[in-house]
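The values are calculated or read from the model by the stated rules, or taken from the named source; none is laboratory data. All values reported here derive from a predicted model rather than from experimental measurement. Note that we place each Cβ from the backbone using ideal geometry, even for glycine, and neighbour counts take in every protein chain shown.
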Amino acid sequence: MAGPVADERVQTMKNVYKLSARRDALTGVIVICAILMFASTGGTVLSDAINSLSGQAGGSDNILGSALLLNIALILFGWRRYRDLSLEVEERAAAEQRAHLLAITDPLTGLLNRRTIEEKTTDLIDAAERKHKSVAFLMLDLDNFKNINDVYGHGAGDIVLKHVASRIASVLPPKNQLSRLGGDEFACAFIFDPEQPEMVERIADDLIDTVASPIVENGIHLVVTTSIGMSRYDPANNCVDALMRQADIAMYSAKKQGRNRHCWFDDTMEKELQTRNSLETEMRAGIPKGEFVPYYEQQIDLATGKLEGFEMLCRWESRTQGLISPEIFIPIAEETGMIGDLSLSVLRQSFDDAKHWDPSLTISVNISPIQLLDPWLAQKIVKLLVETGFPANRLEIEITESSLFENLSLAQSIVGSLKNQGIKIALDDFGTGYSSLAHLRALPFDRIKIDRNFVTSILKNPESRAIVQAINGLGESLGMTITAEGIEDKETENELRSLGCTKGQGWYYGRPQSIHKTREILAERNLLLTKPDAEIAASQIDASAPTGVENMRQKTA
Ligand code: C2E
Ligand code: MG
Ligand code: MG
């Protein structure tokens with residue numbers, strides 16, 4: 001339960017208690033008066049009554065008799081009220097306890113909530129300091145938990161969370177503090193001997209094992225893994241906030257290293273994070289300044305040696321840091337949601353460049369998996385083609401297998417729209433990911449690109465050669481052409497040709513070059529148009545063909 005809601009409930013209950021306490025005080029006063037009256041009148045009235053019964057003189061006074069009865073009634077009333085009150089107090093205590101529990105725990109798992117783990121960890125630190133011990137703080141985040149919710153529904157997700165909660169609790173040492181921070185994130189803290197940090201690692205290992213063992217529920221086997229970040233209390237420069245933050249940073253590092261593992265926090269991670277954050281700030285400023293530019297890598301017909309086109313590879317020409325590789329800035333752009341704008345900006349530049357090249361030359365561009373979650377992507381690309389006048393049939397879009405995981409039907413719809421325009425689709429880096437036949441059949445690919453790791457090792461490693469050969473066979477039977485990337489020498493080129501690869505690219509033909517250098521290369525080969533051919537190119541684009549969004553609408557209609 002959220003903290004403020006719980007606070008509100010506790011406050012309302014306190015108000016109710018105050019009101020009934022005032023009423024109880026009034027009842028108490030009335031009863032005390034009744035008892036006093038009984039004490040003062042009771043003796044006289046009773047002796048009168050006894051006298052009257054025994055036939056002696058001085059019968060009972062009616063008024064005093066009535067007063068006595070009233071007193072008795074009031075005392076009975078007080079007694080009943082006392083019983084009610086005792087019951088009410090018990091109920092109040094139970095309700096108070098419930099409200100308190102709701103305020104400090106997570107209703108799904110019964111573990112502590114985020115707010116409480118902070119307080120409890122502070123207590124744990126105090127206790128540890130008294131014993132000259134330290135505190136380990138572990139942050140656990142389930143890997144790909146979203147898939148379970150998506151595939152099996154939120155009910156199954158809740159069941160998994162409950163199982164995970166009790167499994168974590170079963171592994172932790174006594175006197176631990178365990179909480180669910182929210183979603184699929186858990187945190188725990190416990191005291192350990194600073195001389196023996198390996199004890200914490202052993203616990204983290206056990207946590208990873210216990211979480212990963214299958215959960216069987218209604219005949220379904222669910223397997224979920226976890227990544228753990230670990231930090232330890234250091235009296236010199238640490239507080240609970242820092243402890244939690246460091247464990248969080250370490251957890252992301254564990255994710256980055258491949259998930260299903262644990263990782264201690266160290267200072268370099270903090271520096272990395274700072275560098276990443278400052279890169280992010282500079283990127284935000286760099287996009288509108290046009291610092292992200294297309295570079296071009298030649299793609300060659302392996303049979304004839306003819307230049308067929310270029311792969312556009314983005315570069316960041318940072319004014320402060322020089323030329324920066326996409327391997328550094330693309331992940332940041334993806335994480336921060338900048339990838340869409342950045343990609344469209346370099347696509348526009350490359351279409352503008354390429355429309356001045358010989359019309360036989362194609363251009364291949366990389367599209368991030370994140371972009372394939374944008375239902376308007378096809379429309380945006382088509383709009384760019386129309387605006388720049390670059391013909392769709394000279395464009396090839398490269399996507400990786402990971403693009404197909406998040407939302408396959410949306411990816412299929414976007415790709416369908418792009419293909420309607422005559423744009424070709426290539427599966428990039430094949431062989432590194434799942435390399436699944438199902439994925440190859442899921443989208444109408446025109447081309448498979450063999451990852452350069454296999455190509456560069458083809459001469460030395462028979463396994464790489466076998467894989468390249470198998471992918472070629474696959475391409476042949478599925479009617480898809482094959483491009484080998486990463487060709488660095490003549491021997492590799494010969495080998496690939498003998499295995500049936502039709503197209504290749506790599507440093508053997510030249511490194512990716514800026515537009516100025518690319519224009520020089522094209523001019524030398526007489527492949528630059530003397531005047532822009534924009535009108536002719538634009539006329540080849542069918543802007544009325546349905547795009548991703550419209551396809552989706554038609555599907556759902
Ligand atoms: P990719 O699409 O697989 O591109 C091929 C990468 O291999 C390029 O690295 C290229 O420079 C490099 N390469 C080409 N030939 C050779 C060779 O013979 N030897 C070696 N060792 N390397 C070679 P680059 O330019 O650093 O790009 C890295 C990745 O960044 C690309 O891999 C692509 O996934 C991504 N990327 C680049 N530009 C964009 C973009 O505009 N949008 C998106 N979403 N991703 C991009
Ligand atoms: Mg590529
Ligand atoms: Mg590639």
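Filtering segment 507-529 to residues that are within 16 Å of ligand 3 (Cβ to nearest atom) and touching a strand residue (DSSP E or B) at 6+ places or on another chain (Cβ under 6 Å) leaves Tyr509, Pro512.
Taking the criterion of being touching a helix residue (DSSP H, G or I) at 6+ places or on another chain (Cβ under 8 Å), of a type in the set (D, E, K, R) and within 16 Å of ligand 3 (Cβ to nearest atom), the only residue of segment 361-412 that qualifies is Glu401. Name the single residue that is surrounded by the fewest Cβ atoms within 10 Å (Cβ to Cβ) among those in segment 340-375 being more than 14 Å from ligand 1 (Cβ to nearest atom) and assigned to a loop (DSSP other than H, G, I, E, B). Out of the qualifying residues, it is Ser360.
Of the residues making up segment 381-395, those that are free of Cβ contacts under 8 Å to residues at least 60 places away in the same chain and either surrounded by 19 or more Cβ atoms within 10 Å (Cβ to Cβ) or within 14 Å of ligand 1 (Cβ to nearest atom) (or both) number 3. The listed residues are Ile458, Ile467, and the only one of them that is surrounded by 14 or more Cβ atoms within 10 Å (Cβ to Cβ), outside the structural domain of Glu317 (by TED's automatic domain parsing) and at pLDDT below 95 turns out to be Ile467. Residues that are within 15 Å of ligand 3 (Cβ to nearest atom) and either farther than 27 Å from Gly422 by Cβ or in contact (Cβ under 8 Å) with a residue 40 or more places away in the chain (or both) within segment 437-450 comprise Arg447, Lys449, Ile450, listed in sequence order.
The set of residues in segment 423-436 being within 11 Å of ligand 3 (Cβ to nearest atom) and over 27 Å from the mean Cα position of the chain (by Cα) consists of Ala426 alone. With respect to Gly475, is the statement that it is within 14 Å of ligand 3 (Cβ to nearest atom) and of a type outside the set (D, E, K, R) true? Spelling it out, it is not the case that Gly475 is within 14 Å of ligand 3 (Cβ to nearest atom) and of a type outside the set (D, E, K, R). Within this structure, Gln321 fails the test of being within 20 Å of Ile482 (Cβ to Cβ) and of a type in the set (S, T, N, Q). Return yes or no: is Ile208 in a helix (DSSP H, G or I) and free of Cβ contacts under 8 Å to residues at least 40 places away in the same chain? Taking the combined requirement at face value, the residue does not satisfy it.
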